[in-house]
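Worksheet: one structure, shown below.
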Amino acid sequence: MRVLAVDHGEKRIGIAISDSTGTIARPLAVLKHTSRTEDAQHVLSLASEHHAEVIVVGESRDEQGNPNTAGRRAGRFAAALQSLTHIDVVLWDESLSSRDAREWRAAGGASRKRRRAGVDAAAAAVILQSYLEVQRGLLGGAAR
């Protein structure tokens, strides 16, 4: 089962996709934010093109575990996606995904400039890998 993930930002939207077995996440694309409706349509087009059965949207949270401003914006985006498709849309805690993505790209030898350029799609891949591992029971805790 393929899963598509979204790291929703104010300026850019990172997209990642899983392999066909739902085991490994990889960065797919970075979209420039235009409007919620256009962004949702573009994401759904990618989901359809890659035969995704689930869309995971990263949701940032505060120290108490509640959605912060960016998390609420991601929640509205997830609702817009869900209103336009039959594909399941899941909100997923994205805590520290951008930091983890920068570290992951640095460990891979990417220059500072290249790390910044691809961090949105890499953050989506970090979110997606976390989701996939929890779904497969590889990380402690239950699905969020």
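Structural remarks
- The alpha carbons of segment 14-57 stretch over 32, 16, 16 Å along the principal axes, in descending order.
- Relative frequency of Cα-Cα separations exceeding 18 Å in segment 1-85, percent: 40 percent
Every number in this text was worked out from the coordinates using simple rules, so none of it is lab data. On a predicted model such as this, the values are computed, not experimentally measured, just so you know.
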